[in-house]
Amino acid sequence: MTHSIVQGDLLPCLTATLQQSGAPMDLTGCTVSFSMSAKHGTTTIGGPCVVDAAQYGRVHYPWQAHDTDVVGLYVGQFHVTYGTGDTITVPTNGAIAISIVERIGS
């Protein structure tokens, strides 16, 4: 999965259908958060996600002020916490590629 957004924009939100073993995850009773960092850095950005359709694994992360201020390549992951306290990171085989591209003009 790849997501691009223009520097300083808060839309479009980062949307995803979280999957495990190729099937949508049932997120009923779960909380989901998102984290990203510069591809070659240590600063982490992120926060809570909105679960749009729990039974179909659909979520979105509403970008927060300053999340998209710095142009560059980033990697991100979703973190699912079940009601039992168990957690899983999605994707389980890497990360989402995120590109913040330079704003041209005002």
With x for Gly and Pro, the residue-by-residue ³J(HN,Hα) of region 34-47, computed from phi through the Karplus equation 6.51 cos²θ - 1.76 cosθ + 1.60 at θ = phi - 60° and given in whole Hz, is 10, 9, 9, 9, 4, 3, 10, x, 10, 5, 10, 10, x, x
Carbon and sulfur atoms account, in whole percent of the 1.4 Å probe accessible area of region 1-83, for 55 percent
Computed about the Cα centre, the charge dipole of the chain from +1 Lys/Arg and -1 Asp/Glu charges at the Cβ has a magnitude in debye, to the nearest 20, of 120 debye
For region 92-103, in residue order, the Karplus 3J(HN,Hα) values (coefficients 6.51, -1.76, 1.60; θ = phi - 60°; whole Hz; Gly and Pro = x) are 7, 10, x, 8, 7, 8, 10, 10, 9, 9, 5, 6
For the chain, dividing by residue count, accessible area per residue (probe 1.4 Å) in Å² works out to 58 Å²
Note on the chain, DSSP bridge orientation, antiparallel percent to nearest 5 equals 85 percent
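Ordering S99, S106, S21 by accessible area with a probe of 1.4 Å, largest first, what comes out? Provide the component values of the computation, followed by the final result.
Details: S99 25, S106 145, S21 125 Å².
Largest accessible area first, the residues go S106, S21, S99.
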Most packed first (mean Cβ within 10 Å per residue), the peptides 32-40, 85-93 order as 32-40, 85-93
Here, A97 and Y56, labelled 7 Å along Cα→Cβ, have an inter-label distance in nm of 2.7 nm
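The values are calculated or read from the model by the stated rules, or taken from the named source; none is laboratory data. Note that the coordinates shown come from a computational prediction; the quantities given were computed from them, not determined experimentally. Neighbour counts are summed over all protein chains in view; Cβ atoms, including those assigned to glycine, are modelled from backbone coordinates with ideal geometry. These area figures cover heavy atoms from the full protein model, side chains too; ligands, DNA and RNA do not enter into them. Shrake-Rupley method; radii C 1.70, N 1.55, O 1.52, S 1.80 Å.
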